[in-house]
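Written out below as structure tokens is the structure these notes cover.
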Amino acid sequence: MRDPRFFRMFDYSRGLLPNSEIARLEALSPDLATARTHTGATLGWPGWSLLYSLVLCHHPRNEPSVIIETGSNFGATTAILAQALFDLGCGDSRVVTFEIDEECAERARSLWTRAGVADMIHLVTGDVREVFEDSLRQFLDERQCRFALLDASHLEADVKYEFETIRPFLADDAVVVFDNTYQIAEIGEDQRVNGFLRSSRDQFEGESRQFALL
Ligand SMILES: C[S@@+](CC[C@H](N)C(=O)[O-])C[C@H]1O[C@@H](n2cnc3c(N)ncnc32)[C@H](O)[C@@H]1O
């Protein structure tokens, strides 16, 4: 089993970050424990870089679009996604993000204001299992979503629910990113994201869907 603490790096140049507020928070964060107080349970570097580049490479320039993220947490990755849309010239685009925890939602709103991307983000507060489908209908037409990060509850049944709910809204060439895809659970425990990806392999085989694994 891989240790997730090894995934987030801190010995990198903060100048590589595409958003100055995230760079400022990362400059205050020499290690994981400190970083958690500034940016929360976020993907961090180099995951942010991967997502930023994926959006830049995958989205058409100057065309409005909607990115979906479940699990906003402190809003750090949301800010990176919004920055990518801005840098593409997609100023009318939105990141629609979902968060169940009111305190996290407040921290996220504050971060987005400081990061200069608040206008490009719509936050839905509540349990994604209750609000996801109606919100997707509100913000997306069928087969319109080209990029989603599913990163809320990591329980296998919840990941399955999120993926199956967003599936009708995905464009044929959509990229869906999951976090914590490594084998984290012991035998007999909930198999989490890794369990969903393993059990869904047969069900979704043959689709042109691209899964990015962090
Ligand atoms: C791993 S963090 C997300 C990190 C964030 N995507 C980032 O990279 O910065 C997971 C977040 O999902 C939220 N969450 C967990 N279950 C949820 C649910 N059922 N509905 C909405 N949010 C949920 C948690 O409160 C937590 O803030």
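The values are calculated or read from the model by the stated rules, or taken from the named source; none is laboratory data. Treat the numbers as computed from the prediction; the structure is a model and nothing was measured. Cβ sites come from the backbone with ideal geometry, for glycine too, and all protein chains shown count toward neighbours.
Under the condition of being within 11 Å of the ligand (Cβ to nearest atom) and hydroxyl-bearing (Ser, Thr, Tyr), which residue from region 153-181 is nearest to the chain's Cα centre (by Cα)? Among those that are within 11 Å of the ligand (Cβ to nearest atom) and hydroxyl-bearing (Ser, Thr, Tyr), it is SER153. Screening region 108-126 for residues that are buried (at least 19 other Cβ atoms within 10 Å of the Cβ) and in contact (Cβ under 8 Å) with a residue 60 or more places away in the chain and picking the one that is nearest to the ligand (Cβ to nearest atom) gives LEU111.
On the stretch given as region 53-72, residues that are in contact (Cβ under 8 Å) with a residue 60 or more places away in the chain and surrounded by fewer than 23 Cβ atoms within 10 Å (Cβ to Cβ) total 5. Among residues of region 35-46 that are touching a residue at least 12 places away in the same chain (Cβ under 8 Å), those with a beta-carbon under 6 Å from a residue that is within 6 Å of the ligand (Cβ to nearest atom) and not in a loop (DSSP other than H, G, I, E, B) at least six positions away or on a different chain give the pairs THR39/ALA76; THR42/ALA76; THR42/THR77; LEU43/THR77.
For region 127-152, which residues satisfy the criterion of being among the aliphatic types (A, V, I, L, M) and more than 14 Å from the ligand (Cβ to nearest atom)?
First pass over region 127-152, keeping only residues among the aliphatic types (A, V, I, L, M): 128, 131, 136, 140, 148-150, 152.
Answer for region 127-152, where residues must be among the aliphatic types (A, V, I, L, M) and more than 14 Å from the ligand (Cβ to nearest atom): just LEU140.
Scanning region 152-198 for residues that are under 13 Å from ILE67 (Cα atoms) and not small (Gly, Ala, Ser) turns up ILE166, PHE169, LEU170, VAL175, VAL176, VAL177.
May I ask you to list the residues in region 54-81 that are more than 8 Å from the ligand (Cβ to nearest atom) and either under 11 Å from the mean Cα position of the chain (by Cα) or within 13 Å of ASP151 (Cα to Cα) (or both)?
Of region 54-81, the ones more than 8 Å from the ligand (Cβ to nearest atom) are 54-68, 79-81.
The answer is ILE67, ILE68, ALA79, ILE80, LEU81.
Can you find, within region 86-107, the residue that is modelled with the highest pLDDT among those that are touching a Lys or Arg at 6+ places or on another chain (Cβ under 8 Å) and surrounded by 15 or more Cβ atoms within 10 Å (Cβ to Cβ)? Checking each candidate, the answer is LEU88.
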